[in-house]
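So the structure is just underneath, and the comments pick up after that.
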Amino acid sequence: MATRSPAPEKRPGFFAQLRSLFTFTKAEFGWLPWALIAIIVVGIALGVLVGFLIPPVAVWSVILWGLTGLMLGVLGAMILLTRLSTRAMFKKLDGMPGASGHVLSTSLGRSWVASDMPVGVNPKSQDAVYRVIGRGGVVLVAEGARGRLTRLVNDEKMKVQRVASGVPITILYVGHGEDDVEIAKLAKTIKSLPKKVDRTTMAAVVKRVDSVSQSVTSLPIPKGIDPMRARAPRPR
């Protein structure tokens, strides 16, 4: 008798995801419930006010405008919740080994080739270097203590220069020191780099750089943050 295939995993419903998103964000911003209530109340009040100001003034008109204000208030509350959840996510990621890899692999889009796996790593300190390739050239993202990262960064830079001469190389250090890039601004900083490489050259650079890169998957390195733990759940 043929065995039955396992039932597909049931995803949480919209309201379950919304509750998880609210709980996740409230843990970082305790004033969140009051802010959401205030936005909804203000939306309703504005709707009712408009209902009284626009003739003809009637009960049905005020109720309809009040409902419109309610919907706008809910929309405003959802926007605030989404933005705060993103800030909460970055706060939790800040300082965690592998945080840069998670951001690079999930936030850059299709215009950049990135991975949550570092191309260079110090197994003891967990300092790591990640590589991103796109229309802006090659970006090396260093995560950890800047003083310990010098050798890792220089080694990876030399690899790139050997096979991609003339392609701009940008080095970014993730942190809060002078000239560092905060983890919350990492993706935005990379996306803002001027486009100096066409798509054909970009594809060639990806192949050449991959060919000289040594696999480090066997080392005890940070493989990026588990999105189910670090990323705020978003309602679908």
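The values are calculated or read from the model by the stated rules, or taken from the named source; none is laboratory data. Remember, predicted model here, so these are calculated numbers, not experimental data. A quick note on method: Cβ atoms are made from the backbone with ideal geometry, for glycine too, and the neighbour counts reach across all protein chains shown. Side chains are part of the model used for accessible areas, which takes the heavy atoms of the whole protein and leaves out ligands, DNA and RNA. Shrake-Rupley method; radii C 1.70, N 1.55, O 1.52, S 1.80 Å.
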Exercise. Helix 59-93: angle to the longest alpha-carbon principal axis of the chain, degrees 0 to 90, nearest 10?
Worked result: 20 degrees
Problem set entry | Spatially proximal aspartates and glutamates relative to LYS159 (Cα-Cα < 16 Å; intrachain offsets below 8 disregarded) | ASP210
Problem set entry | the chain, relative contact order in percent, only Cα pairs under 8 angstrom and at least six apart counted | 23 percent
For this session: Compute the acute angle (0 to 90°) between the alpha-carbon long axis of helix 199-212 and the principal axis of greatest extent of the alpha-carbon atoms of the chain; round to the nearest 10°.
Result: 50 degrees
Exercise. Top mean-square fluctuation among VAL62, VAL121, VAL167, Gaussian network model of the chain, C-alpha springs under 10 Å?
Worked result: VAL62
Problem set entry | Extension gain, VAL212 back to LEU64 (0.36 nm per residue minus Cα-Cα distance, nm) | 46.7 nm
Exercise. Using 7 Å Cα-to-Cβ label points, what is the GLU28/THR189 separation (nm, one decimal)?
Worked result: 1.8 nm
Exercise. In the chain, carbon and sulfur make up what percent of the accessible area (probe 1.4 Å)?
Worked result: 60 percent
Seminar exercise, completed: In the structure shown, of LYS26/LYS91; LYS91/LYS185; LYS185/LYS207; LYS26/LYS188; LYS157/LYS188, the pairs separated by more than 18 angstrom at the C-alpha atoms are LYS185/LYS207; LYS26/LYS188; LYS157/LYS188
For this session: Starting from the Cα gyration tensor of the range 1-110, take the square roots of the eigenvalues, sort them a ≥ b ≥ c, and report rounded, prolate or oblate (rounded when a/c is under 1.5, otherwise prolate if a/b is larger than b/c, else oblate).
Result: oblate
Problem set entry | Estimated FRET transfer efficiency when R0 is 41 angstrom, pair ASP179-ALA35 (beta carbons, to 0.05) | 0.75
Problem set entry | Å² of accessible area per residue within the chain, as computed with a 1.4 Å probe and no ligands counted | 62 Å²
For this session: Could you compute the FRET efficiency for THR201 and VAL57, with r as their C-beta to C-beta distance and R0 at 45 Å, rounded to 0.05?
Result: 0.10
